[in-house]
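What follows is a single structure, written as structure tokens, with notes after it.
The numbers here are math on the coordinates, done by the rules we state, and not lab data. This one's a predicted model, so the numbers in the text were calculated from it and none came from an experiment. Every residue, glycine as well, gets a Cβ built from its backbone with ideal geometry; the counts of neighbours run over all protein chains shown.
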Amino acid sequence: MSTGPVTVPLRVLWWCALLLAIVTGSAIAAGTGDASDNAVPDDGGDISRYYVLVQAFFPAADHIGPLAGEPPAAEVHAAGRVVGYVYLTDHILPIPAYSGKPISTLVALDLEGHIAGVRIVHHEEPILLAGVSEQQLHAYVAQYQGIDVRDRIKVGGRPAEGMAIVDAISGATITAMVINQTIAKTAQRVAEARGLLDGLDASPVAALSDDSRPIWRLVWHERQFRIGVLVTALVALTLILLFQDWLAARPRLLLYVRDGFLVFTVVFIGWYAMAQLSVINVLTFVHAIGRDFRWETFLIDPLMFILWSFVAMTLLLWGRGVYCGWLCPFGAVQELTNQLARRLGVRQWEFPEVVHERLWALKYIVLLILFGMSLQSLQLAEQYAEVEPFKTAVTLRFQREWGYVIYAAALLVISIVNRKFYCKYVCPLGAALAIPARHRLFDWLRRRKDCGKPCQICANECEVRAISPTGEINVNECHYCLDCQVTFWNEGKCPPLVQRGKRHARGARARELAQEMVLSFRAPESSDTESGPDSDDRASR
């Protein structure tokens with residue numbers, strides 16, 4: 001059965017586009033509804049508006065005083081006496097979280113120095129708005145109820161004396177660590193200032209306060225193993241790129257190396273380390289430059305920081321393709337899915353050239369729309385950035401509402417018959433990377449003067465269709481799979497090399513014939529020379 005590409009009729013194209021738009025709209029609407037229904041508005045400094053929440057912590061409470069003192073906290077009264085204190089963490093210790101802004105958390109302490117309750121009242125965390133439900137967030141902070149403020153509180157790990165362990169949020173570990181730091185440190189400060197720890201053993205409190213390192217340093221220390229594995233992989237990828245000619249001349253070895261790295265990208269970078277880059281990272285960076293830029297905002301996630309640093313370097317040297325073709329987990333899933341489909345004989349479908357070229361522009365339009373939304377509200381842009389299926393397919397491994405799952409699954413199904421459909425036409429992150437990649441310093445992909453004039457082998461075989469009929473590689477669309485470089489070095493496939501081989505073969509054959517002719521002429525002469533004297537001797541006798 002033939003597996004060559006087939007042109008998709010325009011009628012089929014429009015029906016597919018309509019279905020994809022409906023599914024995308026359903027997913028985004030679901031995400032927007034979640035955020036608007038569950039998020040609690042910012043307090044503006046007035047803690048009395050949280051009286052209902054405080055009553056859940058202190059059922060007998062009948063009055064809340066104003067925020068006062070240092071650090072600021074409000075007294076909770078019941079029957080004319082103080083029964084506890086409540087405060088907002090961002091008023092005491094505004095640690096920037098993943099979004100670059102602090103999370104406002106309402107914390108209640110009883111008179112015995114125990115946490116009576118915790119509730120998130122405002123946040124702008126993109127990972128939470130786009131991937132983790134508010135119910136999961138509330139379940140996380142509910143773990144703090146009953147913890148003694150003298151205990152050292154740690155996210156994950158094994159329990160020990162004087163230490164309280166809380167489970168992290170899957171897919172939002174950085175956010176969980178920031179929340180933990182703000183709750184633990186502010187609870188200790190408020191308890192000490194209000195005399196709740198008087199007469200109690202203070203040694204555990206000292207153990208809590210002995211680590212005054214910034215939160216990002218704690219995270220880097222906590223993730224040493226992941227950092228080591230990622231850095232090793234990036235060094236290996238750098239060597240692959242530097243010795244790409246040597247590998248391209250050995251196509252079987254390159255296939256094993258590339259597929260192995262793609263599997264690593266999906267399993268380790270994506271599902272284990274949850275380091276899938278997103279257009280939200282780009283928008284957050286742009287906003288930070290224009291407002292309050294601090295390196296701590298980006299250092300808080302070490303794997304993302306290292307990946308972005310490496311991507312910045314490769315954009316300068318190689319272009320967009322290194323990330324899109326080697327380091328994007330969702331792109332790797334599409335690539336491996338398409339490879340499996342081809343080996344099973346699934347026929348590929350391609351759009352007409354005129355449609356293909358215009359679909360390229362779609363991802364830039366999506367990027368422009370998201371950027372415009374971010375100028376009005378970064379939270380709004382984060383919600384509509386669900387056009388990226390990364391949170392569903394990679395971070396949360398399809399454990400989401402049906403709309404998101406159907407959308408991500410539909411893109412993977414399309415990639416079975418159209419290699420990396422999402423990456424080519426829809427991905428706003430790819431568009432954002434392509435813009436600076438136009439100014440790369442080097443052209444590492446080799447071409448010959450015969451490419452496109454008339455040879456079309458690489459252009460026909462490029463499965464992301466990044467090679468024009470005239471032979472030029474469009475670096476804005478190239479995913480650096482190195483397939484064209486394999487052909488470049490293939491002496492049995494690349495026409496210029498085939499012709500050169502034939503010329504060498506003809507030359508070698510001509511030399512052999514000439515040598516045979518010379519030997520054939522020399523043979524009679526040597527025969528005459530050897531027989532001449534003997535004949536004279538016989539004649540004289």
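Values as computed for the structure displayed
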{"quantity": "Ranking of ARG347, ARG511, ARG400 by count of other Cβ atoms within 10 Å, fewest first", "calculated": "ARG511, ARG347, ARG400"}
{"quantity": "Phi-based couplings in Hz for the stretch 320-337 (Karplus 6.51, -1.76, 1.60; Gly and Pro marked x)", "calculated": "5, x, 5, 5, 5, x, 10, 10, 8, x, 5, x, 5, 4, 4, 4, 5, 4"}
{"quantity": "Part-to-part distance (alpha-carbon centres) for the stretch 456-516 and the stretch 253-332, which is given in Å", "calculated": "33 Å"}
{"quantity": "Cα-based reach from LYS453 at 29 Å (exclusive), listing lysines while leaving out same-chain residues under 8 positions away", "calculated": "LYS420, LYS424, LYS493, LYS502"}
